[in-house]
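Asks: One structure follows; several queries about it will come next.
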Amino acid sequence: MKRLGIIIFAFIIAFSYILPNMVVFASEFSEHGIVEMIDASTWEVKELKEAGLVFGGQDVSIDMPSVLYPFKGTEHAIIPITALEKMFDAEIIWDAKTSNIRVSTDNGKRVLRFKLGSAVADFNGKTYQFPYNMPPRAMNYNGITRTMLPAGVVELFGYEYHWNNESRTIEINYPSQRVTDVIWDETGRFQEIHIPTSGKTLTTSYYLDGSKIGGNDKIIVDLQNARFDLPEYKLIGKERIIDFLYGDIQQIVAFGVPNENKTRIQIEVGSRKGYDVFYDDARKMVVIRFINSVRDIQFEEVYSTPTVVINTGEYPAYNVIRLKNKIVIDVMNSIMKYGDGRAKTEDINFGGVSKISYSQYDTKYDANYNSDDIVSRVVIDLEKGMSSDDIYIENIDNEIFVYIYGNPLDGIDYVKASGSSSSLSMKFDRQIPIYTKYNSQSGVVNFDVPVDSINFEDMDVDLHDGVVENIKVKANVSGKHRVFIKLASGTKLVNPKNGDKLANLQLAFENKQLKNSKWKNTFIVIDAGHGGNDPGAIGSKVTESTLALRAAKSLENRLSGLGFKTYMIRDADVTIARAYRKRIANELGADLVISIHFNASNNPNARGIEVLYADEPTGEKKRLASILQRHLINKLHMVDRGIVNRPKLYMCYAPKMPSVLVELGFVTNEQEQEMLMTREYMNNATEALTEGILEFLQ
Ligand SMILES: [Zn+2]
């Protein structure tokens, strides 16, 4: 049984908090596929096709997009010079006098000297001709001017370059390597998988939650530039398989990805498991280490109470240190992965919290820890007059909830036992008689309890989880607390009470209709756009990535509440490579894909809703787009920007099944931003999407 807290999303009230201090990110450029640039030498304005830039399978985030530039009748990919800095720590020096540009890597072992506008350059003292004879040029995008070079120039610095025409992506990688073995290792403090390679290998990884898609949880690690090359005697068929008889890890399967220069490691685990992947230069191997991590820290309203929610890679072990007006939470054996992993402090100044700080804690000088303990530390500073004694902490699955004003659900608990059943329990200070009344018209179960038997305050909790719609408590009404439970359509109260005297009340709900839902084999993938170090569009109060995740969680809740099988590409504020997003729906065999985004524009008045799709012969993607657009406009009464065909936009064309990218409003429009941040807007938007999906599937 999986214990779930009352669905959190419904209670996030919009307020501004943790805004990233970075300004613009590359992945945002591609939303519409075309960017406007000014050629800095001719002042000519050009509409250029944006090109994705991926290094070792990860998106490269810089302040300027890579584009296709028409040159002598053919389009060629050009990249900003800052991409070289970002990808391989290149040093760039510009000599204003000679207008020579010098790019060097490997401590000056590789040096390229060139001039703007000249296709002939000097590399390590030898003449070098830029690919296609295309000279570097200065381009201006949104007020930023950068030198742009033909993408193939990266080969000079020892990297591999590949133009992926299908996804319109510049793929840059470390030189090709070989995987020579896959070894299980538990000699150290943490369990590890060692994957020796012939040289530096980059990886991407993701986690598949078995409770969502069937079967066990799986961790998938892709070695982006390493071919699977194990001797035959280590293989069964074409795979290296390691089986385990006991423990949490059940099986490791390693194999070469067909037709690609990649190796995949698939790890099947018995319960949610944290992990870290890195390349160990000294031992020349990829290491997969099983260790917990802090993935996300958010300040939210949970049960209408200001709460810090710490999301971890697996069920956490943690220590709490209460100081006068701050509280310290140390997550044991864990890596701080939130943000870019560096120590940071965010000002909150809301809901009793003044600051939240987080870091990888140095245990060396702390007598409470061994020096080799690996600890992620979260410190919550309270506003003046608040006391850490009031804070209540609990953890549910892989989340730690830090309630700033005490336990918001003292004596009451709601637990989702399965997709179609749940229970509500309450503890009273003595045995009291309970009479449950059921109104079949309104679908509401209600009952009273004496005011002095339990400590309640008014409560109004939206669940929409397919079993229960809403729970409401009206505290202290003529000497009674009144509890109202609105059931979802098809839900029955399994165990009505007719005056039974109880100190522990447990009410069970079951939705048989849902259990036999006709949608139980229909699989919907939900992609919350951006996340982690890519905030997407940035409004004055909230980022696109935050809103997209809220909307995705709400939509997922509704769809699973109807019995659909669902999978969220991102369930927290984490970075997920686009290269992975666009493959996942196909690899999982989804029936439908919804990618959720919010819009941005330089024009502060731009507003409204649009749905993007990629036209294809069956017309199904277009049909889905127009149905969703109609439902969104009817429900939200927003400006109708219509549906837009974007054949090259990755989340539109890549999935083979019906897929769309919805733009649910502009964060750059002040008025619209205010609205997007309300619970009502989110509820309506995801209700409209749900209705649209149902109409499409009928
Ligand atoms: Zn976006």
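The values are calculated or read from the model by the stated rules, or taken from the named source; none is laboratory data. Predicted model only: the values in this text are computed from it and were never measured. Here Cβ is always computed from backbone atoms with ideal geometry, including for glycine, and neighbour counts include all displayed protein chains.
Asks: Look through the range 542-564, keep the residues that are at pLDDT 90 or above and not in a helix (DSSP H, G or I), and return whichever of them is nearest to the ligand (Cβ to nearest atom).
Replies: The residue in question is Thr543.
Asks: Here's another thing I want to ask about it. Considering (1) touching a helix residue (DSSP H, G or I) at 6+ places or on another chain (Cβ under 7 Å); (2) more than 29 Å from Thr312 (Cβ to Cβ); (3) hydroxyl-bearing (Ser, Thr, Tyr), say which one Thr436 fails and leave the rest.
Replies: Every listed condition holds for Thr436 apart from (1).
Asks: If you check Met651 against the conditions, is it surrounded by fewer than 21 Cβ atoms within 10 Å (Cβ to Cβ), under 22 Å from the mean Cα position of the chain (by Cα) and not basic (Lys, Arg)?
Replies: no
Asks: Taking only pairs six or more apart or across chains, which ones have beta-carbon atoms under 6 Å, a first residue in the range 596-616 that is not assigned by TED's automatic domain parsing to the domain that holds Tyr567 and part of a loop (DSSP other than H, G, I, E, B), and a second residue that is within 12 Å of the ligand (Cβ to nearest atom) and of a type in the set (Ser, Thr, Tyr)?
Replies: none
Asks: Please list, ordered by residue number, the strands (runs of 3 or more DSSP E) wholly in the range 105-202 having 1 or more residues that are crowded, with 20+ Cβ neighbours inside 10 Å. Before you say what the answer is, go through the steps one by one.
Replies: Values: elements: 110-115, 120-123, 126-129, 137-141, 144-150, 160-164, 169-173, 177-179, 183-185, 192-196.
It comes to 110-115, 120-123, 137-141, 144-150, 169-173, 177-179, 192-196.
Asks: Give the number of residues within the range 567-607 that are among the hydroxyl-bearing types (Ser, Thr, Tyr) and within 13 Å of the ligand (Cβ to nearest atom).
Replies: In the first step, residues of the range 567-607 are kept if they are among the hydroxyl-bearing types (Ser, Thr, Tyr); the result is 567, 575, 580, 595, 601.
Of the ones still in play, those that are also within 13 Å of the ligand (Cβ to nearest atom) are 595, 601.
Qualifying residue count, the range 567-607: 2.
Asks: Which residues, counting only those in the range 232-268, are touching a strand residue (DSSP E or B) at 6+ places or on another chain (Cβ under 7 Å), β-branched (Val, Ile, Thr) and in a strand (DSSP E or B)?
Replies: From the range 232-268, those touching a strand residue (DSSP E or B) at 6+ places or on another chain (Cβ under 7 Å) are 234, 238-244, 248-257, 261-268; that's our starting set.
Within this subset, residues satisfying the condition of being β-branched (Val, Ile, Thr) are 241-242, 249, 252-253, 257, 263, 265, 267.
Across the range 232-268, the qualifying residues are Ile241, Ile242, Ile249, Ile252, Val253, Thr263, Ile265, Ile267.
Asks: Same structure again: Has the range 501-510 got any residue that is of a type outside the set (Phe, Trp, Tyr) and within 16 Å of the ligand (Cβ to nearest atom)? Steps first, please.
Replies: If we filter the range 501-510 for residues that are of a type outside the set (Phe, Trp, Tyr), which is where we start, we get 501-508, 510.
Checking which are within 16 Å of the ligand (Cβ to nearest atom) leaves us with none.
No.
Asks: Still on this structure, please answer the following. Any residue at all in the range 53-69 that's over 13 Å from Met148 (Cβ atoms), hydroxyl-bearing (Ser, Thr, Tyr) and either crowded, with 18+ Cβ neighbours inside 10 Å or touching a helix residue (DSSP H, G or I) at 6+ places or on another chain (Cβ under 7 Å) (or both)?
Replies: Checking the range 53-69: at least one residue is over 13 Å from Met148 (Cβ atoms), hydroxyl-bearing (Ser, Thr, Tyr) and either crowded, with 18+ Cβ neighbours inside 10 Å or touching a helix residue (DSSP H, G or I) at 6+ places or on another chain (Cβ under 7 Å) (or both).
Asks: (1) out of contact with any strand residue (DSSP E or B) (no Cβ under 8 Å at 6 or more places or on another chain); (2) at pLDDT below 95; (3) surrounded by fewer than 22 Cβ atoms within 10 Å (Cβ to Cβ): which one isn't true of Met682, the others all being true?
Replies: Evaluating Met682 over (1) out of contact with any strand residue (DSSP E or B) (no Cβ under 8 Å at 6 or more places or on another chain); (2) at pLDDT below 95; (3) surrounded by fewer than 22 Cβ atoms within 10 Å (Cβ to Cβ) leaves (3) as the failure.
Asks: Next question, about the same structure. Only one of (1) modelled with pLDDT of 95 or more; (2) in contact with an Asp or Glu (Cβ under 7 Å, 6 or more places away or on another chain) is not met by Ala688, so which one is it?
Replies: Unmet for Ala688, out of (1) modelled with pLDDT of 95 or more; (2) in contact with an Asp or Glu (Cβ under 7 Å, 6 or more places away or on another chain): (2).
Asks: Go through the range 649-698 and count every residue that is polar (S, T, N, Q), more than 16 Å from the ligand (Cβ to nearest atom) and over 24 Å from Phe564 (Cβ atoms).
Replies: Restricting attention to the range 649-698, the residues satisfying the condition of being polar (S, T, N, Q) are 659, 668-669, 671, 673, 678, 683-684, 686, 690, 698.
Applying the additional criterion that residues be more than 16 Å from the ligand (Cβ to nearest atom) yields 671, 678, 683-684, 686, 690, 698.
If we keep only those that are over 24 Å from Phe564 (Cβ atoms) too, we end up with 671, 678.
Number satisfying all stated conditions: 2.
Asks: Any idea which of Lys326, Lys238, Lys262 is charged (D, E, K, R), under 21 Å from Ser205 (Cβ atoms) and assigned by TED's automatic domain parsing to the domain that holds Tyr403? Spell out how you get there, then give the answer.
Replies: Numbers: Lys326 fails: under 21 Å from Ser205 (Cβ atoms); Lys238 fails: under 21 Å from Ser205 (Cβ atoms).
Result: Lys262 is the single residue among Lys326, Lys238, Lys262 that is charged (D, E, K, R), under 21 Å from Ser205 (Cβ atoms) and assigned by TED's automatic domain parsing to the domain that holds Tyr403.
Asks: Does Lys656 count as crowded, with 21+ Cβ neighbours inside 10 Å, within 14 Å of Val593 (Cβ to Cβ) and either free of Cβ contacts under 8 Å to residues at least 12 places away in the same chain or basic (Lys, Arg) (or both)?
Replies: No: the conditions fail for Lys656.
Asks: Please return the ranges of strands (runs of 3 or more DSSP E) entirely within the range 441-512 where 1 or more residues are among the hydrophobic types (A, V, I, L, M, F, W, C) and in contact with a Lys or Arg (Cβ under 8 Å, 6 or more places away or on another chain).
Replies: Working: elements: 444-450, 459-462, 468-477, 480-487, 491-493, 498-511.
Once the strands (runs of 3 or more DSSP E) in the range 441-512 are filtered for at least 1 residues that are among the hydrophobic types (A, V, I, L, M, F, W, C) and in contact with a Lys or Arg (Cβ under 8 Å, 6 or more places away or on another chain), what remains is 444-450, 459-462, 468-477, 480-487, 498-511.
Asks: Restricting attention to the range 608-633, which residues are within 16 Å of the ligand (Cβ to nearest atom) and either surrounded by fewer than 20 Cβ atoms within 10 Å (Cβ to Cβ) or more than 24 Å from Ile569 (Cβ to Cβ) (or both)?
Replies: Gly608
Asks: Any idea how many residues of the range 657-674 are in contact with a strand residue (DSSP E or B) (Cβ under 7 Å, 6 or more places away or on another chain) and part of a helix (DSSP H, G or I)? Steps first, please.
Replies: The first filter runs over the range 657-674 and keeps only residues in contact with a strand residue (DSSP E or B) (Cβ under 7 Å, 6 or more places away or on another chain), leaving 657-667, 672.
From what's left, part of a helix (DSSP H, G or I): 672.
Adding up the residues that qualify gives 1.
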